[in-house]
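Enquirer: My questions will all concern the structure given below.
The values are calculated or read from the model by the stated rules, or taken from the named source; none is laboratory data. These numbers were taken from a predicted model, which means no experiment stands behind them. Glycine also receives a Cβ, built like all others from the backbone with ideal geometry; neighbour counts cover every protein chain displayed.
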Amino acid sequence: MSCRLPIQPFEWLDRHQRVRFTLEGRGFEGYPGDCVSSALWASGQRLLGRSFKYHRPRGLLSLANHDINALYENADDTHIRGDVTPISAGLQLSATNTPGGLWHDRMRWLGRLSPMLRVGFYYKAFHSPRRLFPFWEGVIRRAAGLGKVNTAWRRQVTPKWYTHCEVLVIGAGPAGMQAALHAAEGGARVILVDENPHIGGSLDYAWVHDSEAASIRVQLKQAIKAHPGIQVMTGTVAGGWYADQWIPLCTPDGIAKTRAGTMIVASGLLEQPAVFHNNDLPGVMLASGAQRLVARYAVQPCRRALLLVANDEGYRAALDMVAAGVELVAVADLGDPDARSALADELRSEGVPVFARHMIHEAEGSDGVTGAVIAPRIADGQLDLSASRRFACDGILMSVGWAPAAHLLYQAGGKLGYDERIGQIVPRELPDGVYAAGRVNGVFALADQLQDARRAAADALAVLAGHTPKGDPLRWRSRDCHSADWPIAEHPKGKNFVDMDEDLQLRDLLDAAAEGFDNIELIKRFSTVGMGPSQGKHANMNAIRVLARTLGQTIDQTGSTTARPFYHPQRLDHLAGRRFRVHQRSALHEQHVAAGAMFMEAGHWQRPDYYGSPAEREDQIRAEVRAVRNGLGIIDVSTLGKIEVLGPDAARLLDAVYTMRMTNVKQGMTRYALSVDETGVIVDDGIVGRLGADRFYVTTTTSHAAASYRQLGRYTAEWGLNVRILNRTGQLAAMNLAGPHSRRLLATLTDLDLSEDAFPYLGIREAEVAGIPARLMRVGFVGELGYEIHVPYTCAAELWQRLMADGDDYGIRPFGVEAQRRLRLEKGHIIVGQDSDGLTTPYEAGMPWSVHLKKPFFVGRQTLEVLQPRTARQLVGFALPTNYTGPELCECLLVIADGNIRGRVTSVSYSPTLGHLIGLAMIDKPLAGIDQPLPIRTTDGRIVEARQVATPFYDPEGLRQRADLQLAEAV
Amino acid sequence: MKLIPLPDLGPRPRSEFDYGGELRRPPMGADTALWAAYVFNRQGAPGLLREWWYHRPTGAWYLFERDTLADRFIRHIPVQDIQYELPSADPAV
Amino acid sequence: MPMLTLTEHPLPLWLVLGADSPACIRDSGLPLPEVMRTAALANGFLARTGREEFLFATVQPPEPIGAHCWRYRRDDHVLALRGSGWRRVMAQVCHMDLTSFAASDWLFVSAAGISVWLFGLEDGLLIGCDPSLGNYLQHTLSEIVADLAHTTSQH
């Protein structure tokens, strides 16, 4: 049976086409422009969904996405909201959380168990015996769940984008439209957003037959359309407010991250339901919901309606229903109809009985409303049932009160409070640049809304121009009451719902308060009021009223919970946007790929771990180590931090940042550089090379490159030093040519004198290599004769290829991070952050020589002076016998002696050069000593006894730095 | 997200910055107890804090005074106003 | 309507810095723009990136003069984004309002999570970044350009 009305003046429908869709296999039809709820209602379908807990039949309530009575899913998607989802051809829906389907939900008998399912029952029941709780938990979750997620979804990228404006107006009702226009006419760039597919807001459903509204509507809409300074975004929700007017605008195509100079919130109000027995039956709806149904979708809400009202808006809605052919059987006014405007008289003159100071006691019906019982109010909450009346009807419309859609005002730090006269929470104090206009500001009369909107826009324009805003937000506020202070009736059978999402009855809130959860935050969490998908939009105000009355407090004293972003739930792919996963590439990346490198991640960088196939990993790594020790290896160390330090105070800066002396580094020489923080803990290590009196070149570890550069800049500023620093980490590539043949190969590619006297160990030189401008350093590194060569990024590949080609005669092999680690471990070099931790001082790390306490100052000096005599731990080297066949050892294994933890292994590895396992361990000082045992507990609980040995494990005298010369001498 | 009002470049979002902590001057030569307090303790109560901020796109350091309760930037502090002299460096070069 | 394109735009770049750098540039007969502004050169441009810091996009940078003037080569990865809709590409990666970003304008900013510099062109802009991040930036922007070439008007 169709409930479709003739064409309505501002309807959203395209009557020239039909759209067919199905709900659980049953076919329905509507027009383009219909939402799922309206199309179903138009065809006479009253059962739209079933409730969360009791699976009670539900129908239309707000038709504004302030409730989830109509919640659906299909193969692709879940939590499809019937109120705001347009129907489309071929749409196939099923109702959410209805095992057996909407009509034959197997859980629909749950309501009869409600006495056992009291508020918070899952905290108390089913916990004994304990072992059965998981079973019950599963049952409960299946019974009271929401939609299912299709985990085989298609990946889809919905990029976000940035946008800007000077005035962001939220809500395109009369106040929003006027504010946008006024701001744009004042020269501001305006964005006007509305969650609906069309602008107009309440002007188009609550003022349909009003003559004053008619001219306003046309004028505003035309002006907005014509003005180039207003960008209109419909179907767009302002998701939340973040610092400095940073607002995500959630559009159907994705999220626009918006920076607004100022924000005007004209978001209107959320109509609140009355609380009475069976107030959730299909047919019981908010009056504004009924108005939307008629005005937007041309659907008659019901045939015979009873209205419960407490404001003028209710009477206007009543007249709209009459115009839509609805028979009004009665109007129950919670207060005094004569206090209302002339609308009440207009109704009476139409023959509609109006009852003063009456409340609904109960609605009748099981699958839908069949009647309503009203009774006079005697004391708050109490009704005189002896004087009750019953009316047969198939619809109950409620217009008893409003809550502001003030979420963004709260998030912006606004202070709101309850205005007793209007009966509504209104803004009291808003931060600069944030304004409220229209009904959300407590302004109801249409002409007043426009004035209030102009005031807000004028204030925004003033602030943008740097002036002081002068508007008075209180000036146009209503002097009438628009909300009943107690639209609530107790009932012996309960089922008088406060929160439809959560199936929360009045009794549940009273019980929660009685149990001691008597604070708005506690009662929210214990009862779950406002925690459903609507987040309390239709429930929080009544909950606050109930709690206030129970505790004998005012509404302001009771307070409200924090409204967190997002205002409506958002799709995850919209929130994710496009993923920006930064990666850094060495200039030699392609060379490594061509050479068969297996990469590992070092921060954002990709570095070759080793070269070869995973099956031969260990063999390849050992071969790389052998190549370096015996022949020639080359490694890409481009990820190291590289910083130029220039200027007259360069040496002073470095002297103050590192633990050793830097002022006496000779030109052309380098020095190992260690830095600690103010707690004396090792932070970074690297090399400082001196290129001139006021020119230094500093290298740092890969992971600390950015931080080192940053810190040097900070110290320069703090100490007022005449220094310039340059971060060349990514600009210069670096490769280390290491092995006894390195000097011989390099000599063929450069004119630089590489003899021991001309370019000694630890020297630094600038020269051309293979025609490429380069910096060369002889550093400890892996403990072989070698040269670290730094060249500009775009020249690196050429140099690498040349070295690889010419080095072929010497058996050159590229080696990766793992081989490097083992080679350096053989020399006892520490890895900052692996062999040192958040407490390791240079003394513990066995590097007392690196600390020059005699310097008048360096960062951490005073602390190290205090800690030096108190050193309690020591980093020691250990080894296992060549024929060791015990359990595998790895980092972080504990050193256990006498049943106590005495330290841990920091590095351990098989040494291809020495033929046995070696490692470093940080242990309590009393245990340290060459040849002393080191008991290590393996992962399976066994104790392996290693032996402490001196470090370096390999070439302790450093003879390998002259290995080629010794070879030549020997020959 | 929060905007930080750079005096030369205008407001930039906080995501362009690394936070450098409170501006503090080490009490050189203080006794161990005072030095330890400086090293380990911080001003936690809400109030006006002078803080270092590093702007990554330009590599520049800035100092601001911020009301940590209201999370509002009060003013920019030129670094010259807070610089202090390093104890003289080792004279041997 | 010119098509949206993203191309590699190799540029010879040099950084000149130090207390003597402004004098050095003036003495070379070159223009001295304000901080964060650019000046055109015979074959390229120069950007003043600090009070005493200049980025030259030209084959022949001035020789450093004076004790406190240094010159370093820069190997930034530079891309040219041109054509109608270049602002829509940037709007996906950069928070800055580029509505009035014009030819010869200069900006240091964060885009796609990394630090970049922007130099305005008549029909788009040049974007420069650290060479180690060039592959990432080019890959990211190419994906966006390709996406926008396929979609109809977004907003």
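Enquirer: Can you find a residue in segment A:860-867 that is in contact with a Gly (Cβ under 6 Å, 6 or more places away or on another chain), crowded, with 21+ Cβ neighbours inside 10 Å, in a loop (DSSP other than H, G, I, E, B) and not assigned by TED's automatic domain parsing to the domain that holds A:Tyr715?
Expert: Checked segment A:860-867: at least one residue is in contact with a Gly (Cβ under 6 Å, 6 or more places away or on another chain), crowded, with 21+ Cβ neighbours inside 10 Å, in a loop (DSSP other than H, G, I, E, B) and not assigned by TED's automatic domain parsing to the domain that holds A:Tyr715.
Enquirer: Is there a residue being facing chain A (nearest Cβ under 10 Å), surrounded by 15 or more Cβ atoms within 10 Å (Cβ to Cβ), under 23 Å from C:Val93 (Cβ atoms) and out of contact with any Cys (no Cβ under 8 Å at 6 or more places or on another chain) anywhere in segment B:47-54?
Expert: The initial filter retains those residues of segment B:47-54 that are facing chain A (nearest Cβ under 10 Å), namely B:52, B:54.
When the remaining residues are screened for being surrounded by 15 or more Cβ atoms within 10 Å (Cβ to Cβ), the result is B:52, B:54.
Now drop any that are not under 23 Å from C:Val93 (Cβ atoms), which leaves B:54.
Narrowing further to those that are out of contact with any Cys (no Cβ under 8 Å at 6 or more places or on another chain): B:54.
Yes: one or more hits.
Enquirer: Only one of C:Val89, C:Val109, C:Val93 is crowded, with 16+ Cβ neighbours inside 10 Å, free of Cβ contacts under 8 Å to residues at least 24 places away in the same chain, among the hydrophobic types (A, V, I, L, M, F, W, C) and touching a helix residue (DSSP H, G or I) at 6+ places or on another chain (Cβ under 8 Å). Can you tell me which?
Expert: From the options C:Val89, C:Val109, C:Val93, the qualifying one is C:Val109.
Enquirer: Please find, within segment A:584-603, the residue that is farthest from the other protein chains (Cβ to nearest Cβ) out of those that are out of contact with any Lys or Arg (no Cβ under 9 Å at 6 or more places or on another chain) and in a helix (DSSP H, G or I). Spell out how you get there, then give the answer.
Expert: Narrowing segment A:584-603 to residues out of contact with any Lys or Arg (no Cβ under 9 Å at 6 or more places or on another chain): A:584-585, A:587-591, A:593-596, A:602-603.
Filter once more, keeping what is in a helix (DSSP H, G or I): A:589-591, A:593-594.
Working: A:His589: 8, A:Glu590: 10, A:Gln591: 14, A:Val593: 12, A:Ala594: 16 Å.
Going through the qualifying residues, I end up with A:Ala594.
Enquirer: Here is a further query. Take A:Ile425 and tell me if it is buried (at least 22 other Cβ atoms within 10 Å of the Cβ) and more than 30 Å from B:Leu69 (Cα to Cα).
Expert: So A:Ile425 fails the test.
Enquirer: Go through (1) outside the structural domain of A:Val895 (by TED's automatic domain parsing); (2) out of contact with any Gly (no Cβ under 9 Å at 6 or more places or on another chain) for A:Ser836 and report which single condition fails.
Expert: Of the numbered conditions (1) outside the structural domain of A:Val895 (by TED's automatic domain parsing); (2) out of contact with any Gly (no Cβ under 9 Å at 6 or more places or on another chain), the odd one out for A:Ser836 is (1).
Enquirer: Looking at segment A:222-261, which of its residues are within 14 Å of chain B (Cβ to nearest Cβ) and more than 15 Å from the chain's Cα centre (by Cα)?
Expert: Listed by number, the residues that qualify are A:Asp244, A:Gln245, A:Thr258, A:Arg259, A:Ala260, A:Gly261.
Enquirer: For B:Ala33, only one of the following conditions fails: (1) farther than 30 Å from A:Lys415 by Cβ; (2) over 17 Å from the mean Cα position of the chain (by Cα); (3) assigned to a loop (DSSP other than H, G, I, E, B). What is its number?
Expert: Here B:Ala33 clears every test but (3).
Enquirer: Further question: Quick one: would you say C:Leu41 is modelled with pLDDT under 95, away from chain A (no Cβ under 12 Å) and under 18 Å from the mean Cα position of the chain (by Cα)?
Expert: yes
Enquirer: Say we look at segment A:736-755 and pick out the residues that are crowded, with 22+ Cβ neighbours inside 10 Å and either without any contact (Cβ under 8 Å) to a residue 60 or more places away in the chain or not in a loop (DSSP other than H, G, I, E, B) (or both); which of these is nearest to the other protein chains (Cβ to nearest Cβ)?
Expert: Going through the qualifying residues, I end up with A:Asn736.
Enquirer: Here's something else I'd like to know. If we keep just the residues of segment A:534-569 that are buried (at least 17 other Cβ atoms within 10 Å of the Cβ) and among the polar types (S, T, N, Q), which is farthest from the other protein chains (Cβ to nearest Cβ)?
Expert: A:Asn542
Enquirer: Given the criterion outside the structural domain of A:Pro197 (by TED's automatic domain parsing) and modelled with pLDDT of 95 or more, identify the matching residue among A:Ala75, A:Ala42.
Expert: A:Ala42
Enquirer: Here's something else I'd like to know. If you go through segment A:594-616, how many residues are surrounded by fewer than 16 Cβ atoms within 10 Å (Cβ to Cβ), within 36 Å of the chain's Cα centre (by Cα) and farther than 30 Å from A:Lys160 by Cα? Reasoning before the result, please.
Expert: If we filter segment A:594-616 for residues that are surrounded by fewer than 16 Cβ atoms within 10 Å (Cβ to Cβ), which is where we start, we get A:594, A:596, A:600-603, A:613-616.
Next, only the ones that are within 36 Å of the chain's Cα centre (by Cα) stay: A:600-603.
Okay, now just the ones that are also farther than 30 Å from A:Lys160 by Cα, so A:600.
Qualifying residue count, segment A:594-616: 1.
Enquirer: Filter segment B:1-25 for residues that are buried (at least 16 other Cβ atoms within 10 Å of the Cβ) and within 23 Å of A:Val859 (Cα to Cα); which is nearest to the other protein chains (Cβ to nearest Cβ)?
Expert: Checking each candidate, the answer is B:Gly20.
Enquirer: Of these, A:Arg106, A:Arg112, which one is among the basic types (Lys, Arg), in contact with a Gly (Cβ under 7 Å, 6 or more places away or on another chain) and in the same structural domain as A:Gly25 (by TED's automatic domain parsing)?
Expert: A:Arg106
Enquirer: Which condition breaks for A:Val769 when tested against (1) touching a Lys or Arg at 6+ places or on another chain (Cβ under 8 Å); (2) of a type outside the set (Ser, Thr, Tyr); (3) within 26 Å of A:Asn727 (Cβ to Cβ)?
Expert: Among (1) touching a Lys or Arg at 6+ places or on another chain (Cβ under 8 Å); (2) of a type outside the set (Ser, Thr, Tyr); (3) within 26 Å of A:Asn727 (Cβ to Cβ), the lone unmet condition for A:Val769 is (1).
Enquirer: Next up: Of C:Gly120, C:Gly124, which residue is more than 8 Å from chain A (Cβ to nearest Cβ) and at positive phi?
Expert: Of the residues listed, the single one that is more than 8 Å from chain A (Cβ to nearest Cβ) and at positive phi is C:Gly124.
Enquirer: Listed residues A:Arg428, A:Arg479, A:Arg455; which is free of Cβ contacts under 8 Å to residues at least 24 places away in the same chain and either in a loop (DSSP other than H, G, I, E, B) or over 18 Å from A:Leu408 (Cα atoms) (or both)?
Expert: When all the criteria are applied, what remains is A:Arg455.
Enquirer: Follow-up. Just to check your reading of the model, which residue among A:Arg861, A:Arg821 is within 14 Å of chain B (Cβ to nearest Cβ) and not aliphatic (A, V, I, L, M)?
Expert: A:Arg861
Enquirer: Does A:Asp655 qualify as being within 30 Å of B:Arg42 (Cα to Cα) and either within 14 Å of chain B (Cβ to nearest Cβ) or touching a strand residue (DSSP E or B) at 6+ places or on another chain (Cβ under 6 Å) (or both)?
Expert: Yes; evaluated as a whole, the condition is true for this residue.
Enquirer: Also: When you scan segment A:156-183, how many residues do you find that are within 14 Å of chain C (Cβ to nearest Cβ) and either β-branched (Val, Ile, Thr) or more than 30 Å from A:Gln219 (Cα to Cα) (or both)?
Expert: Result for segment A:156-183: 8.
Enquirer: Please verify whether A:Leu93 is in contact (Cβ under 8 Å) with a residue 40 or more places away in the chain, within 26 Å of A:Arg50 (Cβ to Cβ) and either more than 14 Å from every other protein chain (Cβ to nearest Cβ) or surrounded by fewer than 13 Cβ atoms within 10 Å (Cβ to Cβ) (or both), treating the condition exactly as stated.
Expert: yes
Enquirer: Also: Name the residue, out of A:Ala758, A:Ala733, A:Ala717, that is among the aliphatic types (A, V, I, L, M), farther than 21 Å from A:Phe858 by Cα and not in a loop (DSSP other than H, G, I, E, B).
Expert: On inspection, the qualifying residue turns out to be A:Ala733.
Enquirer: For segment C:130-146, what are the residues that are more than 9 Å from chain A (Cβ to nearest Cβ) and more than 25 Å from A:Arg259 (Cα to Cα)?
Expert: C:Gln138, C:Ser142, C:Ala146
Enquirer: What number of residues in segment A:260-271 are touching a Leu at 6+ places or on another chain (Cβ under 8 Å) and either assigned to a loop (DSSP other than H, G, I, E, B) or surrounded by fewer than 24 Cβ atoms within 10 Å (Cβ to Cβ) (or both)?
Expert: Pass one, segment A:260-271, residues touching a Leu at 6+ places or on another chain (Cβ under 8 Å): A:260-265, A:267, A:271.
Adding the requirement that they be either assigned to a loop (DSSP other than H, G, I, E, B) or surrounded by fewer than 24 Cβ atoms within 10 Å (Cβ to Cβ) (or both) leaves A:261, A:267.
The total comes to 2.
Enquirer: Then there's this: Which condition breaks for C:Asp76 when tested against (1) within 14 Å of chain A (Cβ to nearest Cβ); (2) surrounded by fewer than 17 Cβ atoms within 10 Å (Cβ to Cβ); (3) in contact with an Asp or Glu (Cβ under 8 Å, 6 or more places away or on another chain)?
Expert: Answer for C:Asp76: the failing condition is (2).
Enquirer: Given C:Ala102, C:Ala91, C:Ala111, C:Ala149, which one is more than 9 Å from chain A (Cβ to nearest Cβ) and under 30 Å from A:Trp605 (Cα atoms)? Full working, then the answer.
Expert: Values: C:Ala102 fails: under 30 Å from A:Trp605 (Cα atoms); C:Ala91 fails: more than 9 Å from chain A (Cβ to nearest Cβ); C:Ala149 fails: under 30 Å from A:Trp605 (Cα atoms).
That would be C:Ala111, the only listed residue that is more than 9 Å from chain A (Cβ to nearest Cβ) and under 30 Å from A:Trp605 (Cα atoms).
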